[in-house]
1. For Tyr252, all conditions in the list (1) assigned to a loop (DSSP other than H, G, I, E, B); (2) free of Cβ contacts under 8 Å to residues at least 24 places away in the same chain; (3) open to solvent by less than 60 Å² (accessible area, probe 1.4 Å) hold save one; what is the number of the exception?
2. I need a count of the residues in region 260-282 that are under 29 Å from the mean Cα position of the chain (by Cα) and either surrounded by 23 or more Cβ atoms within 10 Å (Cβ to Cβ) or not in a loop (DSSP other than H, G, I, E, B) (or both).
3. Could you pull out the residue among Arg572, Arg503 that is closer than 30 Å to Ser345 by Cα and free of Cβ contacts under 8 Å to residues at least 12 places away in the same chain?
4. Among the residues in region 630-640, are any open to solvent by 70 Å² or more (accessible area, probe 1.4 Å), hydroxyl-bearing (Ser, Thr, Tyr) and over 22 Å from Arg712 (Cα atoms)?
5. Can you tell me which residue within region 163-186, out of those that are among the charged types (D, E, K, R) and over 31 Å from the mean Cα position of the chain (by Cα), is modelled with the lowest pLDDT?
6. Here is a list of conditions, (1) part of a strand (DSSP E or B); (2) open to solvent by 40 Å² or more (accessible area, probe 1.4 Å); (3) touching a residue at least 40 places away in the same chain (Cβ under 8 Å), and Leu679 meets all of them except one; can you say which number that is?
7. Take region 576-601 and flag every residue that is within 20 Å of Ala617 (Cβ to Cβ) and in contact with a helix residue (DSSP H, G or I) (Cβ under 8 Å, 6 or more places away or on another chain).
8. Within region 487-526, which residues are of a type in the set (A, V, I, L, M, F, W, C) and surrounded by fewer than 16 Cβ atoms within 10 Å (Cβ to Cβ)?
Amino acid sequence: MGDKAQTHPGAAGRAQAADHPQSVRNVVLVGHSGSGKTTLAEALALTAGAVNRAGRVEDGGTVSDYDEIEHRQQRSVQLSLVPVEWDGIKVNLLDTPGYADFVGELRAGLRAADAALFVVSASDGVDGSTRMVWEECAAVGMPRAIVVTHLEAARSDFEEMTRICAEAFGADDPDAVLPLYLPLRGPEAPDGHAPVTGLTGLLSQKLFDYSTGERKESEPGEDQLPLIEEARNRLIEGIISESEDETLMDRYLGGEPVDVKTLIEDLERAVARGVFFPVLAAAPAAEGSRQGLGTVELLELITRGFPTPLEHETVRVTTIDGKPRELTPCDPDAPLVAEVVKTSSDPYVGRLSLVRVFSGTLRADQTVHVSGHGLADRGHEDHDVDERIGALSTPFGKQQRPVSHVIAGDLACVAKLSRAETGDTLSAKDDPLLMEPWQMPDPLLPLAIQAHSKPDEDKLSQGLARLVAEDPTMRLEQNQDTHQVVLWCLGEAHADVALERLRSRYGVQVDVVPHKVSLRETFATKSAGRGRHVKQSGGHGQFAICEIEVEPLPGGSGIEFVDKVVGGAVPRQFIPSVEKGVRAQAAKGVAAGYPLIDVRVTLLDGKAHSVDSSDAAFQTAGALALREAATDAKIHLLEPVDEVSVLVGDEFVGTVMSDLSGRRGRVLGTEQTPGGRTLIRAEVPEIEIGRYAIDLRSMSHGTARFSRRYARHEPMPQQVADRVREEERKAS
């Protein structure tokens, strides 16, 4: 960050294991899809000397299905790790997907990192989703920097993009978002675009030329210094305003010169504290070149300005039974606390768990306690088991380089943890602990699936269990009402990847079927029914007669059974049999085959035979009586209604409310929230919001969020009920 070039290759390259938390930097790359995060990670690795014998950078990561899924989708779909070494510091670059469907991978990267590098494309700008992630980082005080990519694009303008970033990210203090360097442009091409060939350091006032593929430092000409004076002065004032030395601003305004070394030290401290957010520029190296534009400057910023794991706020830790436990922050000699931030399958080494060690030291072949709690509602079972750590390794492209141990603050891959899932805690077997889980978005897009064939059916449950173990943003549901297997996802791309992984990783072919909602039936009017079950076929016959009255009850009442038999018309021992028969028939439905709810069934009268009456006979009579009562009554089809909360930018409120109304929704109210957003609360029939996760993203350009929870069942409009019945008739 002090404009010092890294030239000694012996200090650079692929990092293996760190020996102290101070020599580690964990950095997550954040940005929208197509902003250039993966290309930037590879450029930084190339500059750091991570090249193979052919002179090409090894693509990093723990992703085993990169070619098959990511190439097909033309975007990153999961978190990957690229560790490099620079100036004696191990830098763990966590490359995250930029597409909204894979926000779970982004949140895992944020959990594992100590600082964030926001990657912004000069040709695309800053989207709403990136702004929202910035706000999340700000809420927890995570240090951040911004790097502008795609400067080679026609009409790209670094200065304009810096202004946009200050506007998007510097709402509280625009002077805290300022460039450290300005691009140097070469001669104009025939199309009028002047390519960026180097950078001018605003603090050092030196030029860094990358046009030859190697960074070369030179002094600017006298005519060039005035061109950077305004930007330099603003940067100096921005740094000084965040300085911990409160006298520095007074001295500067009084005309006292400030030493560049002092400015750099204050800048580094301000970045590490998360109060100053420098903007830099970067571009990949040309073919055959070693250093991409701005990569040296970025590596210097990361190693000198970003915080060490020692400065990471301690995650809340408890014992297995929930008692708080205090730990020394990032102490390699403290009790072991590590977390699985990513789970994947490798065709050669099997299951791989990417682990961040927060406390203690993780060693190969040791036995650890694995704790996983809090995701039971997503198809994950709570578990507390002991497992033996397999081989420890650090990624080197598609390969894994073995390491003997991993200290607090570092990341590594653990092989063959058969029970550990993403989000689980690893701790000492004699001192089991549990980390507070990180926040995950709720999967709100249902994907109903069924096995394609009998062999697939045999493998389906195991494949689904492994799938949700890898990805806690998926929820597995075995719906007892509709008898469907439902995989809840974050969006279409997320669902597509899930199906592809089932097929390619676990050899399970499935068919997607229409998702059904849990409908119900109820009586809209009072009715009566008589159940007569009389049969004689030699020996003991069957004799049971009962008369019932059915009346509707308020929503949520369930099935109420009342005995009003007088004079022993139905013997006391058979009254529970009638109730059992009524409830069994209610579960099957009386009109369209959906469970009957919210009625009172009153047993009024009946007849019995001293020999031929039995429990089974009166059960049958009770069911027959309920069916007969339904033939003379108006039966309502009930649909589930959800309470929906939508958090959306003010500019989209009208569009969203209009759309909710079109879904038969009832808006209950709106509430202004910070950041120019509005919270809309509404009740919407569940059948109308099956694809709302996709539609809302389209309406709001990916910036809105929503949640839903079941409220109640209520009568479905007749025309909608007729349509549902017709669709089911055709499907059958």
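The values are calculated or read from the model by the stated rules, or taken from the named source; none is laboratory data. Every value quoted in this text rests on a predicted model; they were computed, and no experiment measured them. Quick reminder, even Gly has a Cβ in these numbers, built from the backbone with ideal geometry, and neighbours come from all protein chains shown. In case anyone asks, the SASA skips ligands and DNA or RNA and just uses the protein heavy atoms, side chains included. Shrake-Rupley method; radii C 1.70, N 1.55, O 1.52, S 1.80 Å.
1. (1)
2. So the answer is 10.
3. Going through Arg572, Arg503 in turn, just one is closer than 30 Å to Ser345 by Cα and free of Cβ contacts under 8 Å to residues at least 12 places away in the same chain: Arg503.
4. Looking for residues that are open to solvent by 70 Å² or more (accessible area, probe 1.4 Å), hydroxyl-bearing (Ser, Thr, Tyr) and over 22 Å from Arg712 (Cα atoms), one finds at least one in region 630-640, hence yes.
5. By that ranking, first place goes to Arg185.
6. All conditions pass for Leu679, except number (3).
7. Ser577, Val578, Glu579, Lys580, Gly581, Val582, Ala584, Gln585, Ala586, Val601 - these are the residues of region 576-601 that are within 20 Å of Ala617 (Cβ to Cβ) and in contact with a helix residue (DSSP H, G or I) (Cβ under 8 Å, 6 or more places away or on another chain).
8. Matches in region 487-526: Val512, Val513, Ala524.
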